[in-house]
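Structure, as structure tokens:
The values are calculated or read from the model by the stated rules, or taken from the named source; none is laboratory data. Please read all numbers here as calculations on a predicted model, not as lab measurements. When we count neighbours, we look across all protein chains shown, and the Cβ atoms used for this are built from the backbone with ideal geometry, even at glycine. We work out accessible area using only protein heavy atoms, side chains counted, and drop any ligands, DNA or RNA first. Shrake-Rupley method; radii C 1.70, N 1.55, O 1.52, S 1.80 Å.
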Amino acid sequence: TDQSKIRNFSIIAHIDHGKSTLSDRLIEKCDAVEAREMESQLLDNMDLERERGITIKARAVKLNYAAADGQIYELNLIDTPGHVDFNYEVSRSLAACEGAVLVVDAAQGIEAQTLANTYLALEHDLEIRPVINKIDLPAADPQRVKKEVEDIIGLEAQDAPEISAKLGVNIDAVLEDIVTHVPPPKGDPAAPLKALVFDSQYDAYRGVIVYFRVMEGTLRMGMGVKMMASGAKYEVLECGHLLPLGMEPCKELIAGEVGYFTASIKNVKDTQVGDTVTGTENPAAQPLPGYRPAKAMVYCGIYTEDGSEYPDLRDALEKLQLNDASLSFEPESSAALGFGFRCGFLGMLHMEIIQERIEREFDLDLITTLPSVIYEITKTDGTVVLVDNPHNYPDPALILEAKEPYAKVSIISPPDYVGNIMPMCQERRAEFKDMQYLDTNLVELHYSMPLNEIIYDFFDTLKARTKGYASLDYELDKYLPSDLVKVDMLLNGDGVDALSFIAHRDKAYPRARRLCEKLKDNIPRQLFEVPVQAAIGGKIIARETVKAMRKDVLAKCYGGDITRKKKLLEKQKEGKKKMRSLGSVQIPTEAFMAVLKLD
Ligand code: GDP
Ligand code: MG
């Protein structure tokens, strides 16, 4: 391969501006896929991804493009995940590119992720090529959007291709723009090997398939390789290029090329995103910059509704982890829920995706406990403990200082909604940093906000209060001291471990009251009166009462209809199976889940 004929690029965009649709069109145009095999949104190939309209795992494809200059170019399109939870993966994918196509919706103009992704691309010194999409829409105003791109981002945009990815209009202009303006990769094919891992995937037959970009040197079939961060060593069994519908083995990949290799690797943990692959014979002295081990930010307990399915849950988590180095889990047990796992996730979306996959792909019904961030507690004896589970919260008497994680938050919105946004940030203990007009109809607000306040319902509330116009981006920043308390929930005087939570003192009271109300509303009456209480330390801070039951379940039947009676009894039996004993109180699993549901 001739380096000067290679172009490595990503497509970046705000969600729904047309990134996936444009990828499909580029693949089609390059005839990489026969029309009959073309499945819409090829790169987003998990069902769940398609349903949610997001890209969960980064992927790459090689396209052969016959350009107007008569030359054939090797275009490597590296797809990036489209959610803040996966920002690190995005950064590694961008590090594998020289250019980025910035797709902007001709009707919507610039939105928060447009900017956030542009900043990321600029950090990696990429050549950014704006493309104005959806010109077929009646509300499209390409001139206004081009001006926005120039005024807000400062990119030359007058000659940006105006396209309709949906209708396939002007796709050639995008390809020509890439070939002409994105620089070819550099790197010496004879230097010691340095290849950047930007994704990996577990395959039951071949083991882990590592996706990489060669930055320096050459990766050859049969050579010994070493992962510089994990230290693991392998022999390359197969290497090659990634095509839209499969793989194309080859003998070697030189500096600048993008591809895959397999080496009977059992675990994606040994091939983490961001790691550097080098040769065992002539190793590189230094790894590529920017490696960071995957770090969970949100934790929750996951249990099966049916306790006997615990081994199946373990099996499901192990299988998912084969493909997801950022998912962590360890066994935990709860008096209320039995045996389960404490699981760590990159963020709430990641958590929801994993839960949904376990339920769908492994056919298990789950109960999950309230999500928690990691708190940093300094004890009076000087030791520091990290707490992601209320169960492990130290005795307040032994706590010297408690800290919680804060995130840097950026919100972009039309100015009309600032009056709605500011109070909702204040309610969430956010500290206002600054506000900037990006142009006359777009402001950007910066806040420092506890991560705990973001993970619950911040995003949904923000969307609701701004008619969907505002967008959000955040990244973990630092730990700051906080007045934290652990709240215990008591039923009939017995603590229910699965319901306790850690919160800022100001937030603990309303949340405790709300949980008490929900418990009261969802717990069926028992033979005796059941007090529902919330407590901090020994002090009760909220209380409700579930009144005692008065009537027998059969009393309504007046002895007449025997089939109806039978049905009722069966229903009751059915219900029994799904009852959970919380101390002396029995409650249906469904009621328990209703209480744990966030609102
Ligand atoms: P992504 O989130 O950036 O990957 O966006 P998608 O490619 O999934 O597109 C989001 C929505 O916009 C889908 O319903 C597409 O059909 C639609 N869309 C994409 N390109 C165009 C276009 O050029 N014109 C119109 N009218 N709709 C488009
Ligand atoms: Mg998409």
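Scanning the stretch 467-478 turns up no residue that is at pLDDT 85 or above, acidic (Asp, Glu) and over 25 Å from the mean Cα position of the chain (by Cα).
Restricting attention to the stretch 299-322, the residues that are in contact with a Ser or Thr (Cβ under 7 Å, 6 or more places away or on another chain) and β-branched (Val, Ile, Thr) add up to 1. Filtering the stretch 310-331 for residues that are buried (at least 18 other Cβ atoms within 10 Å of the Cβ), at pLDDT 85 or above and among the acidic types (Asp, Glu) leaves an empty set. Test Ala140 against the stated conditions and say whether it is in contact (Cβ under 8 Å) with a residue 24 or more places away in the chain and among the small types (Gly, Ala, Ser). When the stated conditions are applied, Ala140 passes them. Among the criteria (1) hydroxyl-bearing (Ser, Thr, Tyr); (2) free of Cβ contacts under 8 Å to residues at least 40 places away in the same chain; (3) touching a Phe, Trp or Tyr at 6+ places or on another chain (Cβ under 6 Å), the one Tyr119 does not fulfil is (3). Residue count for the stretch 119-156 under the criterion of being out of contact with any strand residue (DSSP E or B) (no Cβ under 6 Å at 6 or more places or on another chain) and either polar (S, T, N, Q) or assigned to a loop (DSSP other than H, G, I, E, B) (or both): the result is 10.
Okay, residues lined up against (1) under 16 Å from the mean Cα position of the chain (by Cα); (2) in a loop (DSSP other than H, G, I, E, B):
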{"residue": "Pro283", "(1), (2)": "no, yes"}
{"residue": "Tyr291", "(1), (2)": "no, yes"}
{"residue": "Ala294", "(1), (2)": "yes, yes"}
{"residue": "Cys300", "(1), (2)": "yes, no"}
{"residue": "Tyr303", "(1), (2)": "no, no"}
{"residue": "Phe329", "(1), (2)": "no, no"}
{"residue": "Gly340", "(1), (2)": "no, no"}
{"residue": "Glu356", "(1), (2)": "yes, no"}
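Looking at Glu28, Glu49, just one residue is at pLDDT below 80, within 16 Å of ligand 1 (Cβ to nearest atom) and not in a loop (DSSP other than H, G, I, E, B), and that residue is Glu49.
Restricting attention to the stretch 224-246, which residues are in contact with an Asp or Glu (Cβ under 9 Å, 6 or more places away or on another chain) and open to solvent by less than 30 Å² (accessible area, probe 1.4 Å)? If the condition is that a residue be in contact with an Asp or Glu (Cβ under 9 Å, 6 or more places away or on another chain) and open to solvent by less than 30 Å² (accessible area, probe 1.4 Å), then Gly224, Val225, Met227, Ala232, Cys239, Gly240, His241, Leu242, Pro244 are the ones that fit.
Looking only at residues of the stretch 147-171 that are away from ligand 2 (no atom under 16 Å from the Cβ) and open to solvent by 70 Å² or more (accessible area, probe 1.4 Å), we find that the one that is modelled with the lowest pLDDT is Asp151. Given the structure, is Arg92 more than 16 Å from ligand 1 (Cβ to nearest atom), under 17 Å from the mean Cα position of the chain (by Cα) and either surrounded by 19 or more Cβ atoms within 10 Å (Cβ to Cβ) or modelled with pLDDT of 55 or more (or both)? So Arg92 passes the test.
A count restricted to the stretch 95-132 and to residues that are modelled with pLDDT of 95 or more, within 16 Å of ligand 2 (Cβ to nearest atom) and farther than 26 Å from Pro184 by Cβ stands at 1. Would the stretch 490-498 turn up any residue that is at pLDDT below 90 and within 22 Å of Glu376 (Cα to Cα)? Checked the stretch 490-498: at least one residue is at pLDDT below 90 and within 22 Å of Glu376 (Cα to Cα).
Within the stretch 134-146, the residues that satisfy the criterion of being open to solvent by 30 Å² or more (accessible area, probe 1.4 Å) and under 17 Å from Ala13 (Cα atoms) are Lys134, Ile135.
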